[in-house]
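What follows is a short report on a single structure.
The values are calculated or read from the model by the stated rules, or taken from the named source; none is laboratory data. Treat the numbers as computed from the prediction; the structure is a model and nothing was measured. In this analysis, Cβ positions are derived from the backbone assuming ideal geometry, glycine residues included, and neighbour counts consider all displayed protein chains. For accessibility, only protein heavy atoms count, side chains too; no ligands or nucleic acids. Shrake-Rupley method; radii C 1.70, N 1.55, O 1.52, S 1.80 Å.
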Amino acid sequence: MADAPPVCRVEGVVKDYGDGVVTRVLHGIDLELRAGELVALIGPSGSGKSTLLNIIGLLDRPTAGRVVLGGRDATGLDDAGLTALRGRTLGFIFQFHHLLPAFTATENVMLPAYAEQGFPTAAMRQRARALLEAVGLGHKLDARVTELSGGQQQRVAVARALAHEPRLVLADEPTGNLDTEAAHEVFALMRRFNRERHTTFLVVTHDGRIAERCDRVLEILDGRIRAGE
């Protein structure tokens, strides 16, 4: 994997907010995420972690610099182009899982593929069920997510993030709302998919125990990458 091109490359990314009085949140960020690695992104509140994650996730545009995902430069793409590249390349896991409460576990996992294709298929349902089996929820396939515990709901979110076989999964405090045992289980799931399927993960976390179990730690401080060992 060492000689493979990076899954994501960020070059000189700057992000400013405000009109007139401008606040610079990111100051020329450079980083690479390689195929099959699990990377922690740490830093204090307000350091720019979420802003950087949103830019890598093509949910926000940088003021300057560029993001290259899967060999495709996102610079200059219109909204439709960004949506298409995001859908082909990225999966997302959030601290607040954003599952749809009226839907079952299986239906929630099907959502990314359904949104891209516009209609459900038997193959989508089969893949969703297989992923739920893989995350230990084979007995909850048809349960509404409101019937699941917090840890089980986050397992559904992990399965949903992997539903379209993304090359890169962005996880924003994925264990932040879980107790210690559930947090360990969710991280173990991400690590298993990372190793078995060579999916790259970038995990924003405040939990030092999670960070130390990653392959590499990036620290961001005042909008600048401080370390990347």
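Modelled this way, with points 7 Å down the Cα-to-C-beta line, the labels at A122 and T23 are 5.4 nm from one another. Our helix-only sum for the chain, with -39,500 (n - 2.57) per DSSP H run of n ≥ 4 divided by its residues, gives a mean residue ellipticity at 222 nm of -10500 deg cm²/dmol. What region 35-151 shows is 47 Å² of accessible area per residue, with the surface traced by a 1.4 Å probe over protein heavy atoms.
Rounded to the nearest 20 debye, what is the charge dipole size of the chain about its Cα centre when +1 sits on each Lys and Arg Cβ and -1 on each Asp and Glu Cβ?
On the way: 27 positive and 29 negative charges, 87 e Å.
Computed charge dipole of the chain: roughly 420 debye.
As an exercise, use a Förster radius of 22 Å and the Cβ-Cβ distance of E133 and R216 to find the FRET efficiency, rounded to the nearest 0.05.
Values: r = 30 Å, r/R0 = 1.38.
In this case the efficiency is close to 0.15.
Taking all protein chains as present, what is the carbon and sulfur share of the accessible area of the chain, in % to the nearest whole number, probe 1.4 Å?
Ligands and nucleic acids excluded, carbon and sulfur reach 50 percent.
If you take the square roots of the eigenvalues of the alpha-carbon gyration tensor of region 133-212 and sort them as a ≥ b ≥ c, do you get rounded (a/c under 1.5), prolate (a/b over b/c) or oblate? Can you show the working numbers first?
Details: a/c = 1.89, a/b = 1.18, b/c = 1.60.
Cα axes put region 133-212 in the oblate bin.
Each distinct pair of alpha carbons in the chain adds a 1/r term; the inverse of their mean, the Kirkwood radius, is 18.1 Å. Of all DSSP beta bridges confined to the chain, the antiparallel ones make up roughly 50%. Of all complete DSSP H helices in the chain, not one has a Cα span along the helix axis of 24 Å or greater and a mean Kyte-Doolittle hydropathy of 0.0 or more.
Ligands, DNA and RNA are left out, and with a 1.4 angstrom probe the accessible area of region 168-229 is 48 Å² per residue. State the percent of C-alpha pairs, over all pairs in region 133-172, separated by a distance greater than 17 angstrom. Tail fraction, whole percent: 29.
Test of understanding: what is the full-extension gain from R61 to L100, defined as 0.36 nm times their sequence separation minus their Cα-Cα distance? Show your work: numbers first, answer last.
On the way: separation 39, 0.36 × 39 = 14.04 nm, distance 2.71 nm.
Stretched out fully, the R61 to L100 stretch lengthens by 11.3 nm.
Amide H contacts of D16: V25, T63, each under 5 Å away and 5 or more positions distant or on a separate chain (H built 1.01 Å from N in the peptide plane; Pro and chain starts excluded). List the chymotrypsin sites (Phe, Trp or Tyr not before Pro) in region 1-104 that DSSP assigns to loop (not H, G, I, E or B) and whose Cβ has at most 13 other Cβ atoms within 10 Å. Which are they? Listed in order of number, the matching sites are F96. Here r is the Cβ-Cβ distance between T75 and E147 and R0 is 45 Å; the resulting FRET efficiency, rounded to 0.05, is 0.55.
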